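No lab work stands behind these numbers, since they all come straight from the coordinates. These numbers come from a predicted model, not from an experiment. With ideal geometry, Cβ positions are generated from the backbone for all residues, glycine too; neighbour counts draw on all protein chains shown.
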Amino acid sequence: MKTIVYAHPWDGSYNHAILTSITEKLETKKEPFQVIDLYKDGFNPVFTAEELKHFHKGETPYSLVKDYQEKLKQSTELVFIFPVWWWDLPAMLKGFIDKVMLSGFAFIEDQNTGTLKGLLTNIKKNNRYLNINYR
C-alpha cells in the first residue's frame, strides 16, 4: 500500500493540488493508499519533556505517533508532499521524522560498529517519481 505523508496547512496550495491529483489517480487505478495529513491530524512536531523521557528507548507516549508507525508498517511505498521553506523541509515534517522514525522501529544501531540498519524493509527501495500529469 502507498502511504502519502502530506505536510501543508493550506488547502489552496500547489502542494494540495498535487495531493488531490495523486489521490484521484490512485482511486481511478483502484490502487490502495492512505494519507497521513500532519496538519489535519493536529500533529505536534515539538518534543515534550514526557516524550523525551522515552525517546532514547525508542518509545513514545504519543498515540498518534503509534498510529503513524502502524501505517508505515502497512506501507510498501512512501510519497512525501511538502513545500520547501527556507531551503529545507518544514518543521512539521522534520518533527514527523524525529518522532516517528524511532530507534527499534525504523532502524537499529550496531553497538560495536555504530552502523545503522533499516527496519522498514516492507517499503520498496526505488528512486522513481510518480509519473502524474498534474493538469
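A cut-off under 13 angstrom between Cβ atoms defines the neighbours of Glu59, and their net charge, with Lys, Arg +1 and Asp, Glu -1, is +2. Near Lys117: Cβ cut-off under 10 Å, other residues only, Lys/Arg at +1 and Asp/Glu at -1. The net charge is -2. One quarter of the convex hull surface built on the alpha carbon atoms of segment 55-100 amounts to 4.0 nm², the projected area averaged over directions. Please compute the net charge surrounding Asp41, taking Lys and Arg as +1 and Asp and Glu as -1 over other residues with Cβ under 14 Å from its Cβ. Value of the local net charge: +1. Kindly flag which residue pairs out of Lys2/Lys57; Lys94/Lys124; Lys29/Lys71; Lys40/Lys66; Lys29/Lys66; Lys30/Lys99 have an alpha-carbon separation exceeding 27 Å in this structure. Lys2/Lys57; Lys29/Lys66; Lys30/Lys99, as the Cα separations exceed 27 Å there. Relative protection proxy for 53-59, 35-41, from highest mean packing down: 35-41, 53-59 (other beta-carbon atoms within 10 angstrom). Using the alpha-carbon positions of segment 2-118, Rg (one decimal) and Dmax (whole number) come out as 15.6, 50 Å.
Its relative contact order, with pairs defined as Cα atoms under 8 Å and 6+ residues apart, puts segment 2-118 at 34 percent.
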